[in-house]
Amino acid sequence: MWSSRFVNSVKGFGHEAIVTTTVPEDTADAAIVNLSDPNVAKTVEELTAKGIYTIAHAGHKEKELLELGRQIQVDRVATNSEITNKIHVMLDEANAQRS
């Protein structure tokens with residue numbers, strides 16, 4: 001459900017979006033990762049090594065997961081609500097960082 005919402009939101013703001021369970025071979029402007037994924041730290045490390053802006057999300061009550069996002073140094077930590085309602089702002093931040 002989340003992935004289809006992300007894809008629709010991202011496309012609605014004029015960006016291309018793909019859903020994948022692996023780090024892309026090619027570069028990407030941004031990646032959205034779920035902090036509840038047991039491999040999130042490794043995934044973020046790989047994305048960061050490729051220079052991909054990383055947005056990580058978890059529920060607003062999942063304080064430990066949100067803190068994990070800060071610890072593994074993602075570019076942007078967001079609650080599920082924030083990412084749903086402000087994805088365009090986060091994508092603008094990713095684009096600004098790449099410029």
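Bear in mind these aren't lab numbers, they're just calculated from the coordinates by the rules spelled out. The model shown is predicted, which means the values in this text are computed figures rather than measured ones. All Cβ positions, glycine included, derive from the backbone under ideal geometry; neighbour counts span all protein chains shown.
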Taking the residues in region 76-87 that are of a type outside the set (A, V, I, L, M) and not in a helix (DSSP H, G or I) as candidates, determine which candidate is nearest to the chain's Cα centre (by Cα).
76
Identify, by number, the condition in (1) loosely packed, with under 11 Cβ neighbours inside 10 Å; (2) not polar (S, T, N, Q); (3) not in a helix (DSSP H, G or I) that residue 57 doesn't meet.
(1)
Restricting attention to region 76-91, report how many residues are within 11 Å of residue 53 (Cα to Cα) and without any contact (Cβ under 8 Å) to a residue 24 or more places away in the chain.
1
Could you tell me how many of the residues in region 57-74 are touching a strand residue (DSSP E or B) at 6+ places or on another chain (Cβ under 6 Å) and touching a residue at least 24 places away in the same chain (Cβ under 8 Å)?
5
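Residue-by-condition table, conditions (1) within 16 Å of residue 85 (Cα to Cα); (2) touching a residue at least 60 places away in the same chain (Cβ under 8 Å); (3) assigned to a loop (DSSP other than H, G, I, E, B):
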{"residue": "6", "(1), (2), (3)": "yes, yes, no"}
{"residue": "10", "(1), (2), (3)": "yes, yes, no"}
{"residue": "16", "(1), (2), (3)": "no, no, yes"}
{"residue": "19", "(1), (2), (3)": "no, no, yes"}
{"residue": "24", "(1), (2), (3)": "no, no, yes"}
{"residue": "28", "(1), (2), (3)": "no, no, yes"}
{"residue": "31", "(1), (2), (3)": "no, no, no"}
{"residue": "37", "(1), (2), (3)": "no, no, yes"}
{"residue": "42", "(1), (2), (3)": "no, no, no"}
The number of residues in region 1-56 that are out of contact with any strand residue (DSSP E or B) (no Cβ under 7 Å at 6 or more places or on another chain) and of a type in the set (Ser, Thr, Tyr) is 7
I'd like to know if region 63-73 contains one or more residues that are exposed (fewer than 14 other Cβ atoms within 10 Å of the Cβ), of a type in the set (Asp, Glu) and within 17 Å of residue 95 (Cα to Cα).
no
Note: among 73, 97, just one is assigned to a helix (DSSP H, G or I), farther than 19 Å from residue 4 by Cα and not charged (D, E, K, R), namely 97
